[in-house]
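Taking it in order: structure first as structure tokens, then the write-up.
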Amino acid sequence: MITSSHDVVLVGGGAAGLRAAIAVAQSDPRLSIAVVSKVYPMRSHTVSAEGGAAAVVRPDDSLDEHAYDTISGGDWLCDQDAVEAFVKEAPEEMLRLEHWGCPWSREADGRIAVRPFGGMKKMRTWFAADKTGFHLLHTLFQTSLQYTRVVRYDECFVTKLLVEDGRVQGVTAIELMSGQVRAITAKAVILCTGGCGRVFPFTTNANIKNGDGMALAYRAGVPLKDMEFVQYHPTGLPFTGILITEAARAEGGWLLNKDGYRYLQDYNLGTPQPYPVLRSMELGPRDRLSQAFVKEMEKGRTLSGPYGPVVHLDLRHLGEKVITTKLPFVRELCLKYQNIDPITELIPVRPVVHYMMGGVHTDINGATPLPGLFAAGEAACVSINGANRLGSNSLPECLVFGARAGRAAAAFAANQPEASPSVLAQAAEEQRRLERELLHKTEGRERIAVLREEMQRIMENSAGIYRSGAALTEAAGKLRQLQERFRHVALHDHSRTFNTEWTAALELSYMLDVAETIVQSALRREESRGAHQRTDFPARDDQRYLAHSLAYRNADGSCRIEYLPVTITRWPPGERVYGK
């Protein structure tokens, strides 16, 4: 076993992780910082964010308006103190990215260009064409290189949080190239591992997004918050699930059913407007648009495709100049993956799992209930997204709360002693477990791919856009059976070098834990709110459920749900109204 020691360990090298690492380095230059990522940082899923990042920049906009859009869009499940901090610090973070070299798109007069986005009443979404995440991540990565105290462990897969004396004291990780297990001790750990969309079969998420960080925290006794809220994006490409960014609709794209009709006008999201228009119905919030697709399908108004029902996204009226200058990546994706040109042809789309509003329970500074453990980005739940995240809030969330978590972790680490020697014994036991239960195990009848596909099918059928108590109850039982069957998984590859079967087994174990928290949280919430729609409880119930769900792991591996009140500061719950 290889050992090393740092003051702060970041798990995940995407936007939240790199921003947190920079914040630690700037807070206390004496601290040693490690960024542990299972992929090279520039392959983190942040690069897939296309549309933009929201922050108030125009004089006709205000922080209060951004806060209200976020809170109402989240169906009043957002913690309002966190939202107020977020909207205040988002412009500061965006300008900081500008100074670090992020090439934001600009107007002809040199001002930062902004575009409308779903659920936002004002234009406040900054963008870099439609490759915003790519440029943002490049900027953060390049900036991180100037800090010599930041050490990277690229292509290292974290398997366990080391907890001793009531606090986190490091992690164990498999070095993918060699198969060696590393013990990395630390005074503070920040989880920035992204979401868990891969528990579903059809998702925009990359193959690396398996809920690793969420499961690590869950197994260490930290609750996962609001896991029932799973966001479907209304425009994914059939078969691949690749995202067609909301920017396509922000620039004036239309959603059409099989009759060529802009069907969203029938769903209380506004009426057809000429291009350009800010508050057109295609820019309703993602949960409402995804639900409208299901209703169209039930009415027989969708088209049948080889990979299921679809509707059409129409960009043709925007013209070649707008598409090639503001949506070049959309055109590239359509040409490469659908063999169609959106300049002249309609794009087939369908809803696809995109984002987790839930995650590791943290406070406003990214601290979890476990001392020394912090989290930020999609892996965490602060919560600023409530029951439904507004498009373009996720990138600034990574910046704002990555920075906050980094500063808080630096302050915590500065006052902690070195890791306890007994931590290395715990790491050695983890190494024996990884080898005994997986790598060297030869007897077993179950295959990883079979269990994974069954889990994904269960999740799609029970915890999709619409849920019911009966389906969720059945799903809970089936997931427990899958967890039992996972004990009988055996690997066929017993080598150590880049053993993807070994890591796939570990990822499946994480996903099964996370899937159970989603189903159990959804089963207990007997109401409909945002992305959580119960057909047997169609109304929102603020009396019982204006509260965050907290999913805890019991000693026997089962899941229990508790509740925590939502923080209300200035905006009492009201009706979500769009299109007026």
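The values are calculated or read from the model by the stated rules, or taken from the named source; none is laboratory data. The model shown is predicted, which means the values in this text are computed figures rather than measured ones. No Cβ is skipped: glycine too gets one built from the backbone with ideal geometry, and neighbour counts run over all protein chains shown. Each accessible area value is taken on the protein alone, full model and side chains, heavy atoms only, with ligands, DNA and RNA left out. Shrake-Rupley method; radii C 1.70, N 1.55, O 1.52, S 1.80 Å.
With all protein chains in place and a 1.4 Å probe, the accessible surface of region 372-478 carries 50 percent carbon and sulfur. Between Ser468 and Glu418, the modelled labels are 6.2 nm apart [label points 7 Å from Cα along Cα→Cβ]. Bridgeable lysines around Lys122 (alpha carbons under 22 Å apart, same-chain partners fewer than 8 residues away excluded): Lys88, Lys131, Lys326, Lys580. Split the accessible area of region 197-251 by element, probe 1.4 Å, and carbon with sulfur accounts for 55%.
In a DSSP loop and with at most 11 other Cβ atoms within 10 Å, the GluC sites (Glu not before Pro) in region 422-512 are Glu443.
Surface exposure of region 136-232, expressed per residue as accessible area with a 1.4 Å probe, stands at 25 Å². Most tightly packed first, judged by the mean number of other beta-carbon atoms within 10 Å of their residues, the peptides 18-25, 58-65 read 18-25, 58-65. Computing Cα extents along the principal axes in Å for the structure here picks out one of [x] 63, 58, 53; [y] 67, 52, 50; [z] 69, 58, 48, namely [y].
At full extension, Arg457 and Glu484 could sit 8.0 nm farther apart than now, given 0.36 nm per residue minus the alpha carbon distance. Qualifying GluC sites (Glu not before Pro) in region 292-399, where qualification requires a DSSP coil assignment and no more than 16 other C-beta atoms within 10 Å, comprise Glu345.
Projected label points at Thr442 and His494, each 7 Å from Cα along the beta carbon direction, are separated by 0.5 nanometres. Among the trypsin sites (Lys or Arg not before Pro) within region 202-231, not one is in coil by DSSP while having at most 15 neighbouring Cβ atoms inside 10 Å. Summing Lys and Arg as +1 and Asp and Glu as -1 over all other residues whose Cβ lies under 11 Å from the Cβ of Arg496 gives a net charge of -3.
At a probe radius of 1.4 angstrom, the accessible area of region 502-568 per residue rounds to 36 square angstrom. The alpha-carbon of Lys160 sits under 24 angstrom from the alpha-carbons of these lysines, leaving out residues fewer than 8 places away in its chain: Lys38, Lys187, Lys209, Lys225, Lys441. Rolling a 1.4 angstrom probe over region 1-120 with all protein chains present gives an accessible area of which 50% lies on carbon and sulfur atoms. For Lys121, the aspartates and glutamates whose Cα falls under 18 Å of its own Cα, not counting residues fewer than eight places away in the same chain, are Asp60, Asp61, Asp64, Glu65, Asp69, Asp75, Glu84, Glu246, Glu251, Glu282, Asp287, Glu575.
The percentage of C-alpha pairs in region 480-556 whose separation is greater than 18 Å is 57%.
Calculate the translational D of region 16-91 in whole µm² s⁻¹ from Stokes-Einstein, where the hydrodynamic radius comes from the Kirkwood formula applied to all Cα pairs, the temperature is 10 °C and the viscosity 1.306 mPa s. Rounded to a whole number, D works out at 104 µm²/s. Once the Cα atoms are used to define both axes, helix 469-486 deviates from the longest principal axis of the chain by about 30 degrees.
Take 28-36, 489-497 and order them by the average number of nearby Cβ atoms within 10 Å per residue, most first; the result is 28-36, 489-497. Estimated from the Cβ-Cβ distance and a Förster radius of 22 angstrom, the FRET efficiency linking Tyr552 and Asp363 is about 0.80. The stretch between Tyr307 and Arg30, if pulled fully straight at 0.36 nm per residue, gains 94.3 nm over its current Cα-Cα span.
Spin-label model, Ala428/Tyr563: points 7 Å from Cα along the beta carbon direction are separated by 4.8 nm.
Size of region 433-538 from its Cα atoms: along the principal axes, largest to smallest, the extents are 52, 22, 20 Å. With r defined as the distance between the Cβ atoms of Asp541 and Tyr40 and R0 fixed at 60 Å, what FRET efficiency is calculated, to the nearest 0.05? Efficiency, rounded to the nearest 0.05: 0.85. Residues in region 336-480 average 37 Å² of solvent-accessible surface per residue, probe 1.4 Å, ligands and nucleic acids excluded.
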